[in-house]
Structure formats: structure tokens, C-alpha cells
1. Looking at region 189-247, which of the residues that are over 18 Å from the mean Cα position of the chain (by Cα) and acidic (Asp, Glu) is farthest from residue 166 (Cα to Cα)?
2. Taking region 184-235 as the search range and keeping residues that are loosely packed, with under 13 Cβ neighbours inside 10 Å and either in contact with a Phe, Trp or Tyr (Cβ under 6 Å, 6 or more places away or on another chain) or among the hydrophobic types (A, V, I, L, M, F, W, C) (or both), which one is nearest to residue 108 (Cα to Cα)?
3. Which residues, counting only those in region 58-90, are in contact with a Leu (Cβ under 9 Å, 6 or more places away or on another chain), outside any loop (DSSP other than H, G, I, E, B) and not charged (D, E, K, R)?
4. Of all residues in region 93-148, which are of a type in the set (A, V, I, L, M), over 14 Å from residue 184 (Cβ atoms) and assigned to a helix (DSSP H, G or I)?
5. Applying the selection to region 38-53, what residues are within 11 Å of residue 133 (Cα to Cα) and not hydrophobic (A, V, I, L, M, F, W, C)?
6. Counting just the residues of region 120-151 that are under 13 Å from the mean Cα position of the chain (by Cα) and of a type in the set (Gly, Ala, Ser), which one comes out modelled with the lowest pLDDT?
7. What pairs can you find where one residue is in region 225-241 and among the acidic types (Asp, Glu), the other is part of a helix (DSSP H, G or I), and their Cβ atoms are less than 9 Å apart, with a gap of 6+ or different chains?
Amino acid sequence: MACNLVAIRDNTFDKNQTAELTMKAMILAAGRGQRMMPLTADTPKPLLLVAGKPLIAYHLERLKEAGINEVVINLAWRGDKIEEAFGNGQHLGMHIEYSYEPEGGLETAGGIAKALPLLCSQNDTFIIINGDIFTDYDVHALSQLQLFDGEAHIVLVENPAHNPEGDFLLTHQPNNAQKYTFSGIGHYHKTFFVNVASGKVPLGPMLRSAIENNTVSSELYLGLWHDIGTPERLNQINQEMEAKNVG
């Protein structure tokens, strides 16, 4: 069974081995970003800048590097600005489609379920990336995992200061083991979302239930990862990037 996999890895994938894939990826960009106010008063969180570049642009670049050129972005709050900035993706050598959600969005699982017709036109599995994280995680190896009906594979990271208790156990760890934080990155089979009702549906409870049923595997990523959840965190990351002179 594909979900008998657990891994701990850093970012050592050889980018010379990239290949064109029919798999698509979805970047979650429909959140309101209330904790980022006033920065998100008229700007969606994925368009906030890190080292002078929108957060979402880093995700698009890394997907392209991994050979994933077909991307779906869900939109709600000021989604018009994201669509205006990236259009159909042709200028990036990509193809971008948009999944439009009502004001307030549909939460993570609800948004993914709504976008399934766009995501699964060529492949039964797809990559999901939160639009409000900053990471150097390379999705190529993730995209190569084989998943069967109803399965998923998620990426966990070490617990940041704002989430010291973590979210999920690594695959096959005892119940008293340390939990790690969900990175917002995952690989899903479309049937994982087959029973999702229309409307607002969070992803967390679905993952917990699926983990109990042994249909979700996980890996621990030890590389660069930040959740851009507050203005203070965004400022801290920009300061770190400036110090490293990384653009």
C-alpha cells in the first residue's frame, strides 16, 4: 500500500532530473488573511512580498522547476489582483486556471473539492500548496509518489514557535511520539475528497480521520519553511532574507 511510506529529507533533489508531468498543482489563495491586517486590507496574502517578490511567485517558480506547468489557483478575497498579476501564466511558460469561490472562501477541503474538475483533467492525483507559506521544498520527489484511491501524502515540518504542540504524528509513530506541524504541502488522490460536501469544509479533520484509517502517509522536511501568518512573521522573514542577500 502506498501509504506505508515515511521519510525524512532535506532539499537535495537534483534539478537536472526534472521532467514534464501531466500532474497539476493547486495553490491555495482564497483566504482572507485577517491576521495580516492591515497589510491585507486590499491585498490578498499570497501577493505580499518576500525579498521584493510575491509569495505566490516563489511557488510558481518551484513548480515550474519541478516540471509541473499546469496550475490551479483558487480565488476569493481580492482574487482579481492575483489573476491580474499572473493571468493565464503564458508569460511564465505555464498554464494557470482559476477556481472562483464566494466571498469568505470555502476553507481548504471545500476549495479543493470545488476545483477537482480543473485539477483532475489529466491525472488522478495532484499537489496542493498553501499560498501563504515560504519554503524551498522541492515538489518533484513528492509528485513521483504513487497513490491509490482515497490516499494522501503530507509534508510535516519542525514545530515553529507559534505551534509548539504540532499537528500530526509521522507515519507509524506511537501515539505518545512528538507531533509535527503540517506544512500546507501535500499530494492527494482525487478520491480523498469524494465525499466532501459543497460549501465550507476544513481539511484538518479529514486528515486526522484518514490518518486513523492508515490512508495518509507523511514525511518530515527539515529545510526552509515559514508560515507567513502575521505581519511580524513576514517582517522577520524579510529581515532574514535581507541578511542573507537572497532574492
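The values are calculated or read from the model by the stated rules, or taken from the named source; none is laboratory data. Quantities reported herein were computed from a predicted structural model and do not represent experimental measurements. Don't worry about glycine lacking a Cβ; one is built from the backbone with ideal geometry, like all the others, and counts go over all protein chains shown.
1. Looking at the filtered set, the residue picked out is 242.
2. Among those that are loosely packed, with under 13 Cβ neighbours inside 10 Å and either in contact with a Phe, Trp or Tyr (Cβ under 6 Å, 6 or more places away or on another chain) or among the hydrophobic types (A, V, I, L, M, F, W, C) (or both), it is 197.
3. 60, 71, 72, 73, 74, 82, 85, 86
4. Residues of region 93-148 of a type in the set (A, V, I, L, M): 94, 96, 106, 109, 112-113, 115-116, 118-119, 127-129, 133, 139, 141-142, 145, 147.
In the following step, the residues that additionally are over 14 Å from residue 184 (Cβ atoms) were identified as 94, 96, 106, 113, 115-116, 118-119, 141, 145, 147.
If the condition is that a residue be of a type in the set (A, V, I, L, M), over 14 Å from residue 184 (Cβ atoms) and assigned to a helix (DSSP H, G or I), then 113, 115, 116, 118, 119, 141 are the ones that fit.
5. 45, 46 - these are the residues of region 38-53 that are within 11 Å of residue 133 (Cα to Cα) and not hydrophobic (A, V, I, L, M, F, W, C).
6. Here is the first cut: in region 120-151, the residues under 13 Å from the mean Cα position of the chain (by Cα) are 126-139, 142-143.
Those still in the list that are of a type in the set (Gly, Ala, Ser) too: 131, 143.
Details: 131: 95, 143: 92.
Going through the qualifying residues, I end up with 143.
7. 227/233
Okay, residues lined up against (1) modelled with pLDDT of 95 or more; (2) of a type in the set (S, T, N, Q); (3) under 16 Å from the mean Cα position of the chain (by Cα):
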{"position": "51", "(1), (2), (3)": "no, no, no"}
{"position": "59", "(1), (2), (3)": "yes, no, yes"}
{"position": "68", "(1), (2), (3)": "yes, no, yes"}
{"position": "72", "(1), (2), (3)": "yes, no, yes"}
{"position": "77", "(1), (2), (3)": "no, no, no"}
{"position": "87", "(1), (2), (3)": "yes, no, no"}
{"position": "92", "(1), (2), (3)": "yes, no, no"}
{"position": "98", "(1), (2), (3)": "yes, no, yes"}
